[in-house]
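The values are calculated or read from the model by the stated rules, or taken from the named source; none is laboratory data. Predicted model only: the values in this text are computed from it and were never measured. When we count neighbours, we look across all protein chains shown, and the Cβ atoms used for this are built from the backbone with ideal geometry, even at glycine.
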Amino acid sequence: VNKRVWKWMVTFGAAGLLLILVGVVGGGDLRRSLSVLRHGERDIVPVKSRDLRQDATSVLLLVLDTTRRDALSPYRPSARTPHIAALGQKSVIFDACTAAASFSGPSYASLFTGLYAARHGVFDHPWELPRECVTLFEAARQHGLYTVYMTQHPYLRRRWHYDQGADLYRYGPDDEYLTDELVKWLEENPLVPFVGFLALTTPHWPYDVAVGRKGVLSRLSPSDGKLHRETSDATKMFGLAEAGFSDEYLPVQRDLYAEEVQRADALVGRVLSALERTGRLGKTVVVLTADHGEAFGEHGFHFAHDPEVHAPVSRVPLLVSFPQRYPSRHVPDPVGLVDLFPTVMEWIGAPCSPVDGRSLVPLLEGREDRSRTVFCFSRGLLEDRVKFPLVRDRYRFLGLEGSSLLGARGELDVVLQPMTEGFAVEVYERAEDPLHLVDLAGVLGDDPRVEGLVAAIQEYRSELLDRAPHRGLADLSQEQRKALSALGYLDPD
Ligand SMILES: [Zn+2]
């Protein structure tokens, strides 16, 4: 028996040593390969099997998750995003693009379908995109383009059906892997017309890709390293002070976030040079945007986006680069991510069923189109998620009924915030106050433009609440329901 044990020990020891050796030699690549094997999902419809329309204009959507406008050089020249700066030089830059929601699920759903949540049916996340929704991948596929879908966002993986219509599907452990995969595909298929989607989730909290780099970390004591992870959780939705952190922590987090965005910028650079190398730049419209922004304390929230809708989280970058057709310029008019679906349909020459969004082509061509109203809603928070009294006392937490809403039209942005009783209305002049820091409700409250916009938001809200299968309350246990009824938030069953 002793001999057998000894043999086993030698075998396991040797196998262990071999693994360590391979790990040391293979380094990151091996770790990634193992990670792809464990967590990745891959699927592909061969290009050969598709009947493609060779003359079609290709479209590539690069979506940076959680990326504020002012994190990118075209909006703030001191931002260190050189590749996106170069893209901006050849782009139409939309100064006032609004995400349809301040959190991923419904925001991507609107981007992919051209519909607001009341019609696409994604009210929270994770949440399935209903099969009957037509995504831009399905429409493009039907219209003779190859479709590519790549993400590492767990709520966008196949399980949730956002990829309906994708020929090439990749769900991977990190953005580097996805970028490699996209570059590889572009190089192997230089003549294939396509509609592609690459989500770069690197900028999303936790800002830990940069952790371990000396530049930022030298400013943190060892205990701060731990603080970084804890902060993210506690202050995500609530104030720094409430979570027990000092203001000094804010600039550190900002720097970490900026580093994450820089990493995404480098990946964008790799994709753009692959387009150029493969001769596709003149045949491909490149769109760069974000699903929502991120709060850095402007309205009491830190390192979060879902609970609110002010500009730092709802206003997103939008660059459209196709210089031979659209000379570079800024567009100040309010537009939405919801407008991308009909725009892509126009580019690829596909018919577009009636949707909530409207094609951006007139604006891209320099014509005026000022009559748009665009909306954003926040994640409805439930009572049991709220740990801090400051937030709890200020807002109603009834799932979607507690969602705050933004409407943008003309020069104004209006925020409608459900309070414990009634609504708070805030008014901002977009051009003067891009971060929504000065509420003009006291000055402009009676302005007919404000009244009109408030009415439009209320109408959008009723539709949202009417269509939601539940208002976030279905998730509640019997006990939680009782507690909410006791607080007067819920009618007793
Ligand atoms: Zn997101």
If you go through Pro251, Pro323, Pro317, the only one that is farther than 24 Å from Ser102 by Cβ and either more than 16 Å from the ligand (Cβ to nearest atom) or outside any loop (DSSP other than H, G, I, E, B) (or both) is Pro323
Search result, residues across the range 314-332 that are surrounded by fewer than 23 Cβ atoms within 10 Å (Cβ to Cβ) and of a type in the set (D, E, K, R): Arg325, Arg329
Matching residues in the range 123-136 - criterion: being buried (at least 24 other Cβ atoms within 10 Å of the Cβ) and either at pLDDT 95 or above or within 13 Å of the ligand (Cβ to nearest atom) (or both): Thr135, Leu136
In the set Ala140, Ala101, the lone residue that is touching an Asp or Glu at 6+ places or on another chain (Cβ under 9 Å) and buried (at least 24 other Cβ atoms within 10 Å of the Cβ) is Ala101
Scan the range 296-311 and report the pairs whose first residue is at positive phi and whose second residue is among the aliphatic types (A, V, I, L, M), with Cβ atoms within less than 8 Å and a gap of 6+ or a chain change. Gly297/Leu240; Gly297/Leu250; Gly300/Leu390; Gly300/Val391; Phe303/Ala295
Could you say which residue among Pro334, Pro327 is modelled with pLDDT of 95 or more, farther than 28 Å from Tyr207 by Cβ and under 21 Å from the mean Cα position of the chain (by Cα)? Pro334
If we scan the range 353-368, do we find a residue that is within 16 Å of the ligand (Cβ to nearest atom) and buried (at least 20 other Cβ atoms within 10 Å of the Cβ)? no
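So that you can scan it fast, the table gives a plain yes or no per residue for (1) modelled with pLDDT under 95; (2) closer than 22 Å to His302 by Cα:
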{"site": "Arg396", "(1), (2)": "yes, yes"}
{"site": "Phe423", "(1), (2)": "yes, no"}
{"site": "Glu429", "(1), (2)": "no, no"}
{"site": "Gly452", "(1), (2)": "no, no"}
{"site": "Tyr460", "(1), (2)": "no, no"}
{"site": "Pro469", "(1), (2)": "yes, no"}
Those residues of the range 287-301 that are within 15 Å of the ligand (Cβ to nearest atom), under 17 Å from Ala258 (Cβ atoms) and not in a strand (DSSP E or B) come to a total of 2
With respect to Ala96, is the statement that it is away from the ligand (no atom under 16 Å from the Cβ) and under 17 Å from the mean Cα position of the chain (by Cα) true? yes
Would you confirm whether any residue within the range 78-91 is surrounded by 19 or more Cβ atoms within 10 Å (Cβ to Cβ), basic (Lys, Arg) and away from the ligand (no atom under 16 Å from the Cβ)? no
Considering each of Asp439, Asp475, Asp384, Asp493 in turn, give the residue that is modelled with pLDDT of 70 or more and not β-branched (Val, Ile, Thr). Asp439
